[in-house]
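The values are calculated or read from the model by the stated rules, or taken from the named source; none is laboratory data. Just so it is clear, the model here is predicted, and its values are computed rather than measured. We place every Cβ from the backbone using ideal geometry, glycine too, and count neighbours over all the protein chains shown.
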Amino acid sequence: MNAWALAASILDGTFDEEYPVVDNDDRYKRYEFGGREITPTHILLLISDMEGTYQNLKYMGFKEDMDTLEEMKKRYYKLYFQKVKEEKQSK
């Protein structure tokens, strides 16, 4: 779509037909609590965020919080490899 085509559809009175408004509340479900599917990719995104937070804690000297986060990371790394294995077995 370009600006000229958009303008033409408005002037022709065909805008509503060519560019219908999609009212889909389902698109927001993944942003609700528990709405995101637990896949290896999503777990890696979570682990990546945790690794970044871990580095910031290290640079700022929060050892106790680093240790807490390290325990959390272990659980998610384990879950990641479990999900990868399940995914391979299902194919």
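Observations on the structure shown:
- Elements of type helices (runs of 4 or more DSSP H) contained in the chain, each with 1 or more residues being loosely packed, with under 10 Cβ neighbours inside 10 Å and not charged (D, E, K, R): 3-12, 40-60, 63-90
- So Gly52, is it modelled with pLDDT of 95 or more and under 30 Å from Lys88 (Cβ atoms): yes
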